[in-house]
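Taking it in order: structure first as structure tokens, then the write-up.
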Amino acid sequence: MNFTVAIQGFLIAVCLFTSAATQGGAGATKTKAHMPCSNAEADEAINYLARERAHTWNEVYDLYRKFAHCDDGAISEGFSAIIGRLLVDDWKHVSELNAFVRSTPAFESFVTSHIDEMTALSEWRIVQKNVRHHCPPDARDLCKAIDKTISRLKKP
């Protein structure tokens, strides 16, 4: 998977977001969760996400718990890149994702909201094949949600 273009776009967005946050722009405090995201939190989230430091669902879940209220702009794109990478390249650990979804149902919505254009549609088709043919029995609801979200993405 070629992440060069996604990372370049992400880094440009990070610069724009950081500039808006420092100047008190729209991305500085209003988030999807309608909770304030301080400049320090935004900087910390960007630091983690820009370096793609989350390599497991446990790490993504920890970032979600810490920064979900900052999920906007460049931070959202960082989450999308990491979630896309894990779903595409690390399907064997989808049961770990499912365990977090079962304990925190809102995490499923968070994950599916990041199934987007940050990852190529051809890569999402790989995930779709996995959810349809290699879904663990205890993760069927999660697989259906992922499949439904991927099906809504634009066709090439």
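Numerical summary
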quantity	calculated
Meets criteria (within 21 Å of residue 128 (Cβ to Cβ), in a helix (DSSP H, G or I) and modelled with pLDDT under 75) for residue 6	yes
Condition check for residue 108: in contact with a Gly (Cβ under 9 Å, 6 or more places away or on another chain) and assigned to a helix (DSSP H, G or I)	no
Test set (1) in a helix (DSSP H, G or I); (2) of a type in the set (Lys, Arg); (3) at pLDDT below 50 - residue 85 fails condition number	(3)
Matching residues in segment 113-142 - criterion: being in a helix (DSSP H, G or I) and among the hydroxyl-bearing types (Ser, Thr, Tyr)	113, 122
First in segment 143-156 and under 22 Å from residue 95 (Cα atoms) and in a helix (DSSP H, G or I), second anywhere and of a type in the set (Asp, Glu) and modelled with pLDDT of 95 or more, Cβ under 8 Å, 6 or more apart	145/108
Qualifying residue in segment 49-72 (condition: in contact with a helix residue (DSSP H, G or I) (Cβ under 7 Å, 6 or more places away or on another chain), under 17 Å from residue 143 (Cβ atoms) and not charged (D, E, K, R))	yes
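The values are calculated or read from the model by the stated rules, or taken from the named source; none is laboratory data. None of these values were measured; they are calculated from a predicted model. For neighbour counting, all protein chains shown are included, and Cβ atoms are generated from backbone atoms with ideal geometry for every residue, glycine included.
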